[in-house]
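Peer 1: Got a structure for you, written out below as structure tokens; questions coming shortly.
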Amino acid sequence: MCHPYGYQVEVFENMTEEEFLGELAEKTTSVTLREFTPDGVRISYNLQGKIRGQYDADHMETVEAIFKQDARTSSNRSAWTRRSTAKCS
């Protein structure tokens, strides 16, 4: 996962090598502060990257989020992935 401020978190929980589909490397391309409200700050950010593994693809994602004053967040994501090549076993 990629956080809008640039640091990344990798999660691989009990995944065997046979289950691994690929790796997503992405960058945050823009961050927009939408609104300051009593509930928190509404932002949107765009991500672009590539998936490499059992198949290769380009990935684009837009996230709309609210960062609340008590440090909780909620978000909506829309993503687009275009498969570029399939790797045969």
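Peer 1: Can you find a residue that is of a type outside the set (Lys, Arg) and modelled with pLDDT under 85 anywhere in region 58-66?
Peer 2: Applying the first criterion (of a type outside the set (Lys, Arg)) to region 58-66 yields 58-66.
Subsequent filtering for residues that are modelled with pLDDT under 85 retains none.
No, every residue in region 58-66 fails to be of a type outside the set (Lys, Arg) and modelled with pLDDT under 85.
Peer 1: Further, regarding this structure: I'm trying to understand the selection: among the residues of region 27-57, which are within 21 Å of ARG82 (Cα to Cα), modelled with pLDDT of 90 or more and among the charged types (D, E, K, R)? Can you show your working first?
Peer 2: Of region 27-57, the ones within 21 Å of ARG82 (Cα to Cα) are 27-30, 45-57.
Now narrow it down to the ones that are modelled with pLDDT of 90 or more: 27-30, 45-50.
LYS27, LYS50, listed by residue number.
Peer 1: Another question, if that's okay. Only one of SER74, SER78, SER89, SER84 is at pLDDT below 90, out of contact with any His (no Cβ under 7 Å at 6 or more places or on another chain), hydroxyl-bearing (Ser, Thr, Tyr) and not in a strand (DSSP E or B); which? Give the steps one after another, and end with the answer.
Peer 2: Numbers: SER74 fails: not in a strand (DSSP E or B); SER78 fails: not in a strand (DSSP E or B); SER84 fails: not in a strand (DSSP E or B).
When all the criteria are applied, what remains is SER89.
Peer 1: Still on this model: Please go through region 19-52 and give me each residue that is in a loop (DSSP other than H, G, I, E, B) and within 24 Å of ILE66 (Cα to Cα), ordered by number.
Peer 2: Step one: list which residues in region 19-52 are in a loop (DSSP other than H, G, I, E, B), which gives 20-21, 38-39.
Passing the criteria: PRO38, ASP39.
The values are calculated or read from the model by the stated rules, or taken from the named source; none is laboratory data. Just so it is clear, the structure is predicted and the values come from calculations on it, not from any experiment. A quick note on method: Cβ atoms are made from the backbone with ideal geometry, for glycine too, and the neighbour counts reach across all protein chains shown.
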